[in-house]
1. Pick from Tyr227, Tyr139: which is closer than 20 Å to Val112 by Cα and over 18 Å from the mean Cα position of the chain (by Cα)?
2. Just to be sure before I move on: is Phe152 surrounded by 16 or more Cβ atoms within 10 Å (Cβ to Cβ), within 24 Å of Met1 (Cβ to Cβ) and of a type in the set (Phe, Trp, Tyr) in the structure I sent?
3. If we keep just the residues of the stretch 91-130 that are over 18 Å from the mean Cα position of the chain (by Cα) and closer than 13 Å to Ser57 by Cα, which is modelled with the highest pLDDT?
4. Consider the stretch 3-29. How many of its residues are farther than 14 Å from Val226 by Cβ, touching a helix residue (DSSP H, G or I) at 6+ places or on another chain (Cβ under 6 Å) and among the β-branched types (Val, Ile, Thr)?
5. Which numbered condition trips up Trp74, out of (1) over 27 Å from Gln203 (Cα atoms); (2) modelled with pLDDT under 95?
6. When both residues are 6+ apart or on different chains and their Cβ atoms are under 6 Å apart, which pairs have a first residue that lies in the stretch 1-19 and is closer than 14 Å to Ile202 by Cβ, and a second that is of a type in the set (Lys, Arg)?
7. Conditions: (1) surrounded by fewer than 16 Cβ atoms within 10 Å (Cβ to Cβ); (2) in contact (Cβ under 8 Å) with a residue 12 or more places away in the chain; (3) closer than 23 Å to Val127 by Cβ. Lys218 meets all but one. Number of the miss?
Amino acid sequence: MEKIKTGVPGLDEMLYGGIIKGRPYLVAGGPGTGKTTLCVQFLMEGLKNNEKALYLSLEEQADELKEDMALFGWNLDKIRVIDTSQDLSTGVWSLRTVGLISKPEFNLKNLVNVIKEKIEDYGPQRVIIDSLTSVKMLYDDRMTARKEILGFMNVLSRLGCTTILTSESSGPDTLMEEFLACGVIKLFVIEEKGERLNALLIQKMRGSKFDNHIRPVKITDKGMIVYATESVFK
């Protein structure tokens, strides 16, 4: 099975070379843990190898994302970004993408259709969906959500791209997507002696060996670094 690098120093060492190509993965964590940074770093690594990249942002607007990532020196002009917008008169959220005259209503069926259309037209090898939490909010009951999200992940796998989906928490609310994803990476902020320490744990990775220790993380002006030989706990 072919592996591809995440582009995050230290993380690829923990993954024994990277993640298996063509599968859906989950990155879960609370606010400020570095989910978006890790995801964009993953796409930037693909650009180095002349791979096409697609970023579907269901919460942050494309212009804001580009401004935020410019702080790391990353130019996202070569990444196709789809975001969402809200009609203030109706309160309805819609997918916003270049080339569509009418905006499809934001639901899972239309989300899958837009992703399939973009992948078929553009042919990206790497895809980010940020975040799965927004998709789950479309459903009133967990069973329906689980069924639809499983189908969604199967579609992503059939399309042949390597996908990272994010989730806004790392607690019980993520159990569904953690079970369905082929691999799970959790990001934390740990309080120790009045200081905040970022950390990372690979919870599972189907079909591949991985380091299962919690490792410290630093977000620098060049992106995320994982200290793969250091321990969070002394």
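The values are calculated or read from the model by the stated rules, or taken from the named source; none is laboratory data. Computed from a predicted structure; not experimentally measured. We place every Cβ from the backbone using ideal geometry, glycine too, and count neighbours over all the protein chains shown.
1. Result of the check over Tyr227, Tyr139: Tyr139.
2. Yes.
3. Filtering first and then ranking leaves Phe106.
4. Summing the residues that are farther than 14 Å from Val226 by Cβ, touching a helix residue (DSSP H, G or I) at 6+ places or on another chain (Cβ under 6 Å) and among the β-branched types (Val, Ile, Thr) in the stretch 3-29 gives 0.
5. Only one criterion in (1) over 27 Å from Gln203 (Cα atoms); (2) modelled with pLDDT under 95 is unmet by Trp74, namely (2).
6. Asp12/Lys5; Tyr16/Lys209; Gly17/Lys3; Gly18/Lys3; Gly18/Lys5
7. (3)
One line per residue, one yes/no per condition, for (1) of a type in the set (Gly, Ala, Ser); (2) modelled with pLDDT under 95; (3) in contact with a Cys (Cβ under 8 Å, 6 or more places away or on another chain):
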position	(1), (2), (3)
Gly30	yes, yes, no
Thr33	no, yes, no
Gln41	no, no, no
Glu45	no, no, no
Tyr55	no, yes, yes
Ala62	yes, yes, no
Arg80	no, yes, no
